[in-house]
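**Q** What follows is a structure written as structure tokens; I'll ask about it next.
Bear in mind that the values in this text are calculations on the coordinates, not laboratory data. Note that the coordinates shown come from a computational prediction; the quantities given were computed from them, not determined experimentally. Cβ coordinates were reconstructed from backbone atoms using ideal geometry, including for glycine residues, and neighbour counts include every protein chain displayed.
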Amino acid sequence: MLTDTHSHIHFSWEFPDIDEILQNAEKAKVTRQIIVGCTPKDSFLALEFVKKYENRQFWSTLGVHPHHANELSNEILEKFRSFAKSEEQIVAFGEIGLDYYRNLQPPEIQQRAFRRQLQLALELDFPVIVHVREAWDDALKIMEEEGNRKVILHCFTADLKVAELAWQRGYFTSFSGVLTYPKNKYLRDVALAAPKERLLIETDCPYLTPQIYRGQRNEPAFLAATAEELARIKGLSLGQIADLTTQNAIRAFGLR
């Protein structure tokens, strides 16, 4: 059974065919999903989605993505604190982080929002799902200064040097469909070196579709393609990778 640790299937405009998407996931044995928020409104919609499908093994997160860092206010932080304490379906803060590639918010605003959410997660003993793009030095520095250790590096695409520092700190590295792209041999080398206990897999659907499905909208069912590639890299069976990454997800997020 596979666990998608980063899914956005609550994006109704991307998944108007949600019933079919859920059926496809079941057929592909993707039985657990973390539904990840990106803005204050989106985070609450993720929680509503999880509650709507309460008969499934779905959990949600609260977070403000660096592209929307200017939307994080004291009021939102207090709402996040209240929901995190009262809603058992919420298992992490994310996705949060820094993005200097698109740079849709000034770096100082991104960093402030990142720190404040890291601090809240640490206060409540929650893991964080961290988005980093062309900002690794600052992101690693900030996480070390704030003292967070329950860290999932979402859609990991950094080099081996960064990965080794992350593993040394006890962070999880989560691999997406990007692992399957022909040009990304360096990333497959990172995955080969990764300690088994620090591996996670994700879709980030509807984005980052695995190579075999390129050109299509990504969906949870396609997680199997990333799992198969990771199994090939690690010299394991698909079943072993499924078990390994699911157990890691249970530990990383404290799932029931």
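**Q** If contacts are Cα pairs under 8 angstrom and at least 6 residues apart, what is the relative contact order of the range 2-253 in percent?
**A** For the range 2-253, the relative contact order is 20 percent.
**Q** Continuing with the same structure: Quick one: plug the Kirkwood hydrodynamic radius of the range 18-99 (C-alpha pairs) into Stokes-Einstein at 20 °C, 1.002 mPa s, and report D in µm²/s.
**A** Value of D from the Cα-based Kirkwood radius: 161 µm²/s.
**Q** Which value results for Rg/Rh of the range 54-170 when Rg is the Cα radius of gyration and Rh the Kirkwood radius based on the inverse mean 1/r?
**A** 0.96
**Q** At a Förster distance of 22 Å, what's the computed FRET efficiency of Y213 paired with D19, Cβ-Cβ distance as r, to 0.05?
**A** Once rounded, the FRET efficiency stands at 0.65.
**Q** Against the globular-protein guess of 2.2 N^0.38 Å, express the Cα radius of gyration of the range 123-171 as a ratio, rounded to two decimals.
**A** 1.06
**Q** Expected output is a single nm value to one decimal: the length gained when fully extending between E197 and T39, i.e. 0.36 nm times separation in residues minus the C-alpha distance. What is it?
**A** This chain segment gains 53.9 nm when fully extended.
**Q** With the dipole of the range 81-139 worked out from charges on the C-beta (+1 for Lys and Arg, -1 for Asp and Glu) around the Cα centre, which of L122, I109, F93 lies farthest toward the positive end?
**A** Looking along the dipole axis, the top candidate is I109.
**Q** For a quick size check, give me the Cα extents of the chain along its three principal axes, largest first, whole Å.
**A** Taking max minus min along each principal axis of the Cα atoms, the chain gives 46, 42, 33 Å.
**Q** Which residues among the range 68-83 fall inside the zone where the amide N is under 17 Å from a point 7 Å beyond the Cα of R112, along Cα→Cβ?
**A** Residues 68-78 qualify, since their backbone N sits under 17 Å from the label point.
**Q** Under a plain spin-label model, where a point goes 7 Å from the Cα along Cα-to-Cβ, how far apart in nm are Y53 and Q247?
**A** Going from the Y53 label point to the Q247 one covers 2.7 nm.
**Q** Please list, ordered by chain and number, the residues whose modelled amide H lies under 5 Å from the amide H of L255; skip anything fewer than 5 residues away on the same chain.
**A** none
**Q** Would you mind estimating how fast the range 123-242 diffuses translationally, via Stokes-Einstein at 4 °C and 1.567 mPa s with the Kirkwood radius over Cα pairs, in µm²/s?
**A** Reported coefficient: 88 µm²/s.
**Q** Between the range 2-77 and the range 103-172, what is the C-alpha centre distance in whole Å?
**A** So the separation of the two Cα centres works out to 20 Å.
**Q** Which entries in K27/K185; K185/K234; K27/K183; K52/K85; K29/K52; K161/K234 show an alpha-carbon gap greater than 22 Å?
**A** K27/K185; K27/K183
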